[in-house]
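First comes the structure, then the notes that go with it.
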Amino acid sequence: MSTNLRLALWDHITRQLNLAAPLKLILLTIANYLEPNGGHSRVTLNLLSRNSNLEPQDLQPLLLGLEARDLIRKVTVYPQGGGSTVSLYSLSPSLLRAVQNSDSK
């Protein structure tokens, strides 16, 4: 993801989205982990907790709200050797498209 697009994403989240501060913080945290050459980020609940200073149990209802608004996507990963599943969060394709479309105008 280009630097200009990353800045546009930050601008869109902070100025255009009418959300409470903790929700914006979650989106900005996920945006920080976007891959440089694409629009993907895969952020764990523990990483979100560490970077936002919110406890995992406090984050989960906020993440559900962001999913319901189609601002993030959750993918569950099942380890090959068994063990616990891991939930990974990324910005939704519709949010990325909205930023890319507004950036190209």
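The values are calculated or read from the model by the stated rules, or taken from the named source; none is laboratory data. Predicted model only: the values in this text are computed from it and were never measured. Don't worry about glycine lacking a Cβ; one is built from the backbone with ideal geometry, like all the others, and counts go over all protein chains shown.
For this structure, a couple of remarks:
- Summed over segment 1-35, the residues that are of a type in the set (Asp, Glu) and under 13 Å from the mean Cα position of the chain (by Cα) give a count of 1.
- For first residues located in segment 13-32 and touching a residue at least 12 places away in the same chain (Cβ under 8 Å), partners that are among the basic types (Lys, Arg) and lie 6+ apart or on another chain with Cβ distances below 6 Å form the pairs Ile13/Lys24.
- Residues located in segment 44-88, provided they are on the phi > 0 side of the Ramachandran plot and modelled with pLDDT of 95 or more: Asp70
- Spans of helices (runs of 4 or more DSSP H) in segment 1-73 with at least 2 residues of a type outside the set (Val, Ile, Thr), out of contact with any Leu (no Cβ under 9 Å at 6 or more places or on another chain) and farther than 19 Å from Ser87 by Cα: 3-11
- Filter result for Val86 (of a type in the set (Val, Ile, Thr), without any contact (Cβ under 8 Å) to a residue 60 or more places away in the chain and either more than 22 Å from Ala8 (Cβ to Cβ) or surrounded by 14 or more Cβ atoms within 10 Å (Cβ to Cβ) (or both)): yes
- The set of residues from segment 54-105 being within 15 Å of Arg42 (Cβ to Cβ) and out of contact with any strand residue (DSSP E or B) (no Cβ under 7 Å at 6 or more places or on another chain) comprises Tyr78, Pro79, Pro93, Leu96.
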